[in-house]
Each structure stands twice: as C-alpha cells, then as structure tokens.
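Q: Have a look at this one.
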C-alpha cells in the first residue's frame, strides 16, 4: 500500500527560504558558475540540436562514466530518481536497510512504499547489514562521508539477489569525480543529477544507471511519470558535461576554501563539532542539545540564517550546514552564527 509521507525538510525550506538573509540549506553550486563555463544558452543554438539533445546527453554520460548507453535512463531531477529507483527495489523485496542520518527523501520514500525498515546508525554498520537490500546516499547526505564498510562490500559483491540503491549525487565533489560506483552485474541501481556539481538547479536533469534486465521496467515507469524530459534542459546539461574540465577545476577550489571557513567556525565555537566533509557542499554540525527544529527556528529568527534541522535526517542533535555561497556572504553568515552560539553558551 502506498502511504505518502510528508517531506518535512522540503516543507521547512519552502516556508522559510523567503524569510532568511543567508540560506545555508541550499547545497547546489551557484548558478553563476555555469554561466562562466562556456555553455551556450541561446535558444537558436538549441533549436539546431533539439532532436538529438537526449542522445548527446546520454552519449556524453557514457563517455565520462564508462557506462553503456543502454544502461542509462535520464530522469527529471534527483528526487524523481530516488523514488523510481526505490520503487524498483520494492518490486523485489519488502525489506530494506537504511543508514542514518540520511537524506530525508530516501527515508520517507522507503516508508511511503511500506517497506519493513531496518535503520542502522552509520557508525554501527556491520557486514551483515550491507548484504541486504539497502538505500543510501554516498557520500552521505548530511554528513558528507562515505562508509568504508559499504564501499568494501560493493567492491566485493557479486550477489544480485539483493538489489541495492545508491544516490551518488555528491560523488563528483569528492576525489572520485568522473567515476561511478555502478558496475554491471552487481545488482546496483545508481542515480545522480546535474543540479549540484554543475549549478544547473533550473534544469532538473538527472539519470539512473542500472543493469540491463531492469532498464525496460525503469523506462516504462518513467514514461508513466514523465513522458518527456524537456530537450532544452538535456541540451544545456550535455554542454555542461562536455565542459566538465572547467567544473573539475573551479568547483573543488571554491568548495575547499569555504570548508576551511566553516571548519574554523566549528572549532572556535564551544558545544559544536563535526566530521570534516570530504569535499561536498555541506556538513553535519552536532550540538549537545536535541530538538534541532526549535534550535534552527531560533537561529533563523535571531540571525536570519537558514539551516536544515538534523531531525529531518534522523538525528535531532544538530543541523546540516551548506556553504556554497560567495565568501563575503559566507563569512557574514558564520559571524552571525558565532554570535548566536556565544549567547547560548553564556
């Protein structure tokens, strides 16, 4: 039975984005980056390539990730990919393992599809946990790290009897950019999106990699949900992939400097700690007190800084902090947070 769960994180962002002065919940690279990359956004150029845009996009994905074109299914957005991929897992099993904290849509989609859930804290994962069907973001959203035990299992796994789904949207931000965890014949369903690393938040283009036997089901399901992905979005996304070298140079440098600023803030603020991110656009800051929603409400009211409460990821002791904004704005936002927590500790 399908019992849709409310996405509290999205509701939180939608209701508060217009109230904030600094949005530290937004985790995609600035749209301005793509404007500097060499992408031709003109409609005239698009018209010349409209009919072949999808093929060009899929072909470039195939070249970059070394995945056959017949194993690639384009999607509209990463969220749609999460739903369709998890729905495929549901066709094969009524049980699923989730590792917390986790990106809320991954948690809520599994609950909506009436899986029997096994939730395991990231720090407590055992070999037996990763042998079962599971659904994860890797690198983890919100903590920004990849579990060694999961990666080891994926490298050694040849068992296709337990389907596994991986959202690797933020893998491009790590040292493994240009690679994918997906490999044929391992029972993996993998998805990603153009909206984060490439700053194409308005394009809403993503993709799924899957073994050949699952492609017909995925395509049929996608046709029922979204009969057509706008060719213009596919054309722009193809150009971004074609200019990947630009993003590979610019993004890591931008993110690295911003991580340093947030790391300094966390280290200098009593009562806060985090696991330093592995290059992604966010990290999870832990606090001594629980009730993260109330904490983030007070932060927003007193500072104008919007954060993502940890409760929506399955960990009420903290918040996800994103730092992909211009350095001056980031410093101003961190100064306001520093002042807030100084008041909390006095």
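Q: Compute log10 of I(q)/I(0) for the range 238-310 with the Debye formula, placing one identical point scatterer on every Cα and leaving out solvent, at q = 0.14, 0.26 Å⁻¹, to two decimals.
A: -0.59, -1.24
Q: Taking every Cα atom in the range 41-103, find the radius of gyration and the maximum pairwise distance Dmax, and write them in Å.
A: Gyration radius and largest Cα-Cα distance of the range 41-103: 16.6, 50 Å.
Q: A further question follows. For 57, 134, what's the fewest-to-most ordering of other Cβ within 10 Å of each Cβ?
A: Values: 57 27, 134 24.
In increasing order of surrounding Cβ atoms, one gets 134, 57.
Q: So, one more: When N is the residue count of the chain, what does its C-alpha Rg come to as a fraction of 2.2 N^0.38 Å?
A: Values: Rg = 20.0 Å, N = 346, 2.2 N^0.38 = 20.3 Å.
Normalised Rg, Cα atoms only: 0.99.
Q: Just the number, please: percent antiparallel of the DSSP beta bridges in the range 40-242, rounded to the nearest 5. It would help to have the intermediate numbers written out before the result.
A: Values: 10 of 25 bridges.
Close to 40 percent.
Q: In Å and on Cα atoms, what radius of gyration and Dmax does the range 40-242 show?
A: Taking only Cα atoms of the range 40-242, I get Rg and Dmax of 16.6, 55 Å.
Q: In addition: When only alpha-carbon atoms are used, what values of Rg and Dmax, in angstrom, describe the range 275-346?
A: That works out to 12.0, 33 Å for Rg and Dmax.
Q: Kindly provide the Kirkwood hydrodynamic radius of the range 1-129 in Å, to one decimal, from all pairs of distinct alpha carbon atoms.
A: Working: mean 1/r = 0.0538 Å⁻¹.
Result for the range 1-129, one decimal place: 18.6 Å.
Q: Another question, then. If you restrict to DSSP beta bridges whose two residues both lie in the chain, what percentage is antiparallel, to the nearest 5? Intermediate results must be reported in sequence, preceding the final value.
A: Numbers: 20 of 37 bridges.
Here the antiparallel bridges make up roughly 55 percent for the chain.
Q: Tell me, how many Å apart are the Cα centres for the range 200-247 and for the range 1-52?
A: Centre-to-centre (Cα) distance: 15 Å.
Q: Within 10 Å of each residue's Cβ, count the other Cβ atoms and sort 341, 41 from fewest upward. Show your work: numbers first, answer last.
A: Details: 341 19, 41 12.
Ordered by Cβ neighbours within 10 Å, fewest first: 41, 341.
Q: So, one more: In Å and whole numbers, how far do the C-alpha atoms of the range 162-239 stretch along each principal axis, longest first?
A: 36, 35, 16
Q: A further question on this structure: Above 17 Å lies some portion of the pair distances; for the range 13-63, what is it as a whole percent of all C-alpha pairs?
A: On the way: 804 of 1275 pairs.
That fraction is 63 percent.
Q: Within a 10 angstrom radius of the beta carbon, how do 211, 94 rank from fewest other beta carbons to most?
A: Values: 211 17, 94 11.
Ranking 211, 94 by Cβ neighbours within 10 Å, fewest first, gives 94, 211.
No lab work stands behind these numbers, since they all come straight from the coordinates. The model shown is predicted, which means the values in this text are computed figures rather than measured ones. Please note: Cβ atoms are built from the backbone with ideal geometry, for glycine as well, and neighbour counts cover all protein chains shown.
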